[in-house]
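Novice: Would you mind keeping the following structure in view while I ask a few things?
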Amino acid sequence: MHTRLLISLLLIGATSKLAAQQTPQSLADAELPSLLTIYKDLHSHPELSGYEERTAALVAKELRAAGCQVTEHFGKYENSKLKAYGVVGVMKNGDGPTVLVRTDMDALPVEEETGLPYASKVVVKNDEGKDVHVMHACGHDVHIAAFIGTARALGKLKGQWHGTIVFVAQPAEEIGTGARALLKDGLYDRFGKPNFALGFHDKADVQTGHIAVTEGYASANVDSVDVTVRGIGGHGAYPHKTKDPIVLAAEIINAWQTIISRGNNPLDPVVITVGSIHGGTKHNIIPDEVKMQLTVRTYKPDVRQRVLADIDRIAKGCAAAAGIPPDLAPIVSVSKDFVAPAMYNDPELTKRLVAVWKKSLGDESVEMIDPVMGGEDFSEYNLPDHSIPAVNFHFGAVEPAKIAESKQRGKELPTLHSSKFAPVPEPTIRTAIIGMTVAVLELMKK
Ligand SMILES: [Zn+2]
Ligand SMILES: [Zn+2]
């Protein structure tokens, strides 16, 4: 009896010693070989937004193996007949806070030119029936590998945290509809409204081993606006008998510039880009209409509302000034599909995580970076009123020597979405796992 008790005590001692040795760093290192295999497999099998069937099945299998309760085929797109391939894995560990951890899964219509042995050769038909090459050119495959690594690590570190982790593998990030599809399907009703939401993204101009983050607004509201300028067409030699929509469209484009230069507080960033303009068929015909497509970027909700209203008002005002009858006023429509709210990294939460990252990775490995006017639909998870504190952080994906060389020579490196973008897998995935795991542990520690 006495001997058995002694052996039991020794065993308990050995187990707790083993548990004490396990850290996010050691677990990341231990998982790397298997995650690298997963990463290369994902990289050579990319899937376009809305078609992430194989990727989602792989993620579901891995989350299950890591100890999650998994729900597949989650999500409901607003205006689409597409099936949503969202995966939600719930890891429970007693009472405590709920933390959402998100990865995206989709790839891009890009022909890979990295020359890597595991480069994608995938070609599929797009929605228009055209052949397109597909590539993980934004690094979402890195995100998935690190996401699986994080789930495995946290599954083994259950002695250090309590509560519920909701692992969310989101489809269709690149077209800005995936996060909304998951929320629309009741993500927060079915799996609980999280106390915190965490996301991550690789960065093509930051060195491996580093984390980079912005406090406060980090990426912009993205709005897509379609404008049809209508006129009265006719012969190009008799302009006085027409109302020329091409000259009018040109005036409208110039007048829109004053929304930023005159109507806006210079301290509030705004971008209005007319990315497409089409009108007419021939040299000597004045057409009936001109169509334009705009992308509009803002941060604050009130600025966003004002800018969108100004685009409409100025278009209609210019048309009235040109003598266009009211029934032919420009049609201005703001898309409900291609939108993403601004990403707001909760300042208090950002500070808290920066401190933790500095402790785990070293002070010099954490960079505070400027906000950008790009878009990211991870912002949907902190809800329009920012009631769920969220942080979307970046991790470096480029060899330090290449960053140094690029700075020295002023040579631009391949950006995200480039056919030549190739993250260095091991150190990139490793830092992402550590960054996410220590962040979750900080928020859920016992
Ligand atoms: Zn992207
Ligand atoms: Zn991306």
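The values are calculated or read from the model by the stated rules, or taken from the named source; none is laboratory data. Fair warning: this is a prediction, and the values are worked out from it, not measured in the lab. Counting neighbours? That spans all protein chains shown, and the Cβs are built from the backbone with ideal geometry, glycine included.
Novice: Check off (1) out of contact with any Asp or Glu (no Cβ under 7 Å at 6 or more places or on another chain); (2) farther than 30 Å from Glu112 by Cα for Val332 and give me the number that stays unchecked.
Specialist: (1)
Novice: Taking the conditions exactly as written (surrounded by 24 or more Cβ atoms within 10 Å (Cβ to Cβ), within 16 Å of ligand 2 (Cβ to nearest atom), in a loop (DSSP other than H, G, I, E, B) and in contact (Cβ under 8 Å) with a residue 40 or more places away in the chain), does Ala218 satisfy them or not?
Specialist: no
Novice: Name the residue that is nearest to Leu182 (Cα to Cα), counting only residues in the stretch 107-147 that are β-branched (Val, Ile, Thr) and either in a helix (DSSP H, G or I) or away from ligand 2 (no atom under 13 Å from the Cβ) (or both).
Specialist: Ile144
Novice: Quick check on the stretch 372-392: of everything there that is farther than 14 Å from His201 by Cβ and part of a helix (DSSP H, G or I), which residue is modelled with the highest pLDDT?
Specialist: Glu380
Novice: Here's a follow-up. Quick test of your reading of the structure: Ala255 fulfils all but one of (1) closer than 17 Å to Gly231 by Cα; (2) touching a helix residue (DSSP H, G or I) at 6+ places or on another chain (Cβ under 7 Å). Name the failing condition by number.
Specialist: (1)
Novice: Can you tell which of Ala179, Ala172 is part of a loop (DSSP other than H, G, I, E, B), crowded, with 23+ Cβ neighbours inside 10 Å and within 16 Å of ligand 1 (Cβ to nearest atom)?
Specialist: Residue meeting the stated conditions: Ala172.
Novice: Run down Glu405, Glu412, Glu367 and say which single residue is among the acidic types (Asp, Glu), away from ligand 2 (no atom under 16 Å from the Cβ) and in contact (Cβ under 8 Å) with a residue 24 or more places away in the chain.
Specialist: Matching residue, one of Glu405, Glu412, Glu367: Glu367.
Novice: Okay, moving on. Filter the stretch 148-198 for residues that are touching a Gly at 6+ places or on another chain (Cβ under 6 Å), of a type in the set (A, V, I, L, M, F, W, C) and away from ligand 2 (no atom under 16 Å from the Cβ) and give the result.
Specialist: Scanning the stretch 148-198 gives Phe167, Ala181, Leu182.
Novice: Suppose we filter Glu405, Glu364 for residues that are out of contact with any Pro (no Cβ under 7 Å at 6 or more places or on another chain), farther than 24 Å from Val438 by Cα and not β-branched (Val, Ile, Thr); which single one remains?
Specialist: Of the residues listed, the single one that is out of contact with any Pro (no Cβ under 7 Å at 6 or more places or on another chain), farther than 24 Å from Val438 by Cα and not β-branched (Val, Ile, Thr) is Glu405.
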